[in-house]
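The following block contains the structure, expressed as structure tokens.
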Amino acid sequence: MLLHDRIPNHVGIIMDGNGRWAEMRGLPRIEGHRRGTERLREIIEAAMEIGVKTLTLYAFSLENWQRPQNEVRTLMRLLEAYLRKEFSEFMEKGIVFRTIGETWRLPENIQSLIRETEEKTSGNNGMTLVAALSYGGRNEIIRAVKKAILSGIKPDDITEDSFNSLLDTSGLPSLDLIIRTSGERRISNFLLWQGAYSEFYFTDTLWPDFTKEEFLIALRDYQMRERRFGALPAGSRT
Ligand code: FPP
């Protein structure tokens, strides 16, 4: 059972382990990505049902550009097919689709598909689904610094709030929980600034095997945590 007053507003997921899932079965890595993409609908639906307001998925990192060309090409094809197939679901479920990252590096046809999906879903009022595409946390921070300098802002006017508004995640709720699958216990350049006070949940399950049940376990685990944001626990003596 989940506590309805402690639902995380914003959950980020590092969907890791597609390659290993495939290799363990003697399949090409790309088959793992295909199965991983199939996992998305169940997890997105679960997040919506539970009342998560924003779900951010680490779909393609800046580092992922260094993978073999045919793996990158197939990931792009999967992304295109995913967006085309899920568009009507987004509209039906009221999902707002948004991206973060250097999307201008993506193939032109995917950029226009993204723009179209973002525009057409922007008036929806359900959960916001954020795809981190060609994304790196340090790169996002550096781009925000450049924007600040170009805007001519005075150093004294740079605050956490004003800096937040220069990040790709501007306007999104603060990140409560980061889930990483596949047994790795690293942040891997995902939402570095936004994750300053996030809780982490790690599981050995590979992304293509990550089910709604396991997602609920992660949320229950999160609900047991006492989030203090650096302060003392409530009721502590001074
Ligand atoms: C990590 O597995 C996963 C990725 C690099 C891609 C994640 C993408 C999806 C789940 C598909 C959804 C994305 C789109 C674009 C619709 P890995 O290959 O690093 O696995 P490994 O660590 O076992 O090699």
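Return the subset of 85/212; 120/212; 53/120 for which the Cα-Cα distance in this structure is over 25 Å, preserving the input order.
The pairs that break the limit, which is 25 Å between Cα atoms, are 120/212.
Just reorder 162, 88 by solvent-accessible area, largest first, 1.4 Å probe, all chains present.
Values: 162 35, 88 70 Å².
Descending accessible area places them as 88, 162.
Another question, if that's okay. Under a 1.4 Å probe, what is the accessible area of the chain per residue, stated in Å²? Present the calculation step by step, with values, prior to reporting the outcome.
Details: 12730 Å² over 238 residues.
Accessible surface, normalised per residue, equals 53 Å².
A further question follows. Which of 121, 169, 74 moves most in a GNM of the chain, Cα contacts under 10 Å?
Greatest mean-square fluctuation among the candidates belongs to 74.
Output needed: percent of Cα pairs per 5 Å distance bin for segment 74-136, bins running from 0 to the one holding the longest distance.
Result, from short to long distances: 4, 18, 31, 26, 14, 6, 0 percent.
Answer with one residue from 150, 44, 79: the one whose Cα lies farthest towards the positive end of the charge dipole of segment 1-160, charges on Cβ with Lys, Arg +1 and Asp, Glu -1.
Highest projection toward the positive end goes to 79.
Could you tell me the distance between the Cα centroids of segment 1-52 and segment 89-114, to the nearest Å?
18 Å
Oh, and also: Compute, for residue 4, the solvent-accessible surface of its heavy atoms (probe 1.4 Å) with the complete set of protein chains present, and express it in square angstrom to the nearest 10.
150 Å²
How much of residue 48 can a 1.4 Å solvent probe reach, expressed as accessible area in Å² and rounded to 10?
It works out to around 60 Å².
Still on this structure: Considering every Cα-Cα pair within segment 1-45, what fraction, in whole percent, is farther apart than 15 Å? Present the calculation step by step, with values, prior to reporting the outcome.
Values: 558 of 990 pairs.
Counting pairs separated by more than 15 Å, the tail of P(r) holds 56 percent.
Can you check what the Kirkwood hydrodynamic radius comes to for segment 35-79, Cα pairs only, in Å to one decimal?
Working: mean 1/r = 0.0817 Å⁻¹.
Its Kirkwood hydrodynamic radius stands at 12.2 Å.
Related question: What size of dipole, in debye to the nearest 20, comes out for segment 54-162 about its Cα centre when the only charges are +1 on Lys and Arg C-beta atoms and -1 on Asp and Glu C-beta atoms?
300 debye
Taking all protein chains together and a probe of 1.4 Å, list 85, 212, 147 from the most accessible to the least accessible.
85, 147, 212
For segment 119-166, what size does the Cα cloud have along each of its three principal axes, sorted from largest down, in whole Å?
Taking the Cα atoms of segment 119-166, the three principal extents are 37, 23, 17 Å.
Working from the pairwise distances between different alpha carbons, so that the mean of 1/r is found and then inverted, what is the chain's Kirkwood radius in Å?
Numbers: mean 1/r = 0.0529 Å⁻¹.
One over the average 1/r among Cα pairs gives 18.9 Å for the chain.
I've got another one for you. Using a simple charge model, +1 on the beta-carbon of Lys and Arg, -1 on the beta-carbon of Asp and Glu, nothing else, what dipole does segment 89-238 show about its Cα centre, in debye to the nearest 20?
My answer is approximately 420 debye.
May I ask you to give the percent of accessible area on the chain that is carbon plus sulfur, with a probe radius of 1.4 Å?
Carbon and sulfur atoms account for 52 percent of the accessible area of the chain.
Related question: Could you please put 197, 58 in sequence from largest to smallest accessible area, using a 1.4 Å probe? Please list the in-between numbers first.
Working: 197 135, 58 20 Å².
Order by accessible area, largest first: 197, 58.
Can I ask one more? Express the Stokes-Einstein translational diffusion coefficient of segment 13-134 in µm² s⁻¹, to the nearest whole number, given a Kirkwood radius over alpha-carbon pairs, 10 °C and a viscosity of 1.306 mPa s.
Working: Rh = 14.9 Å.
Once the numbers are plugged in, D ends up at 106 µm²/s.
Moving on to the next point. In percent, how large is the relative contact order of segment 3-159, given Cα pairs closer than 8 Å and 6 or more residues apart?
Averaging sequence separation for qualifying contacts and normalising by length gives 26 percent for segment 3-159.
Of 103, 159, 56, which has the largest mean-square fluctuation in a 10 Å C-alpha GNM of the chain?
Its mean-square fluctuation being the largest, the pick is 159.
The values are calculated or read from the model by the stated rules, or taken from the named source; none is laboratory data. Worth saying up front: this structure is predicted, and the values here are computed from it rather than measured. Heads up, the Cβs are rebuilt from the backbone with ideal geometry, glycines too, and the neighbour counts pull from every protein chain shown. The protein model used for the area step is the full one, side chains on, heavy atoms only, and it has no ligands, DNA or RNA in it. Shrake-Rupley method; radii C 1.70, N 1.55, O 1.52, S 1.80 Å.
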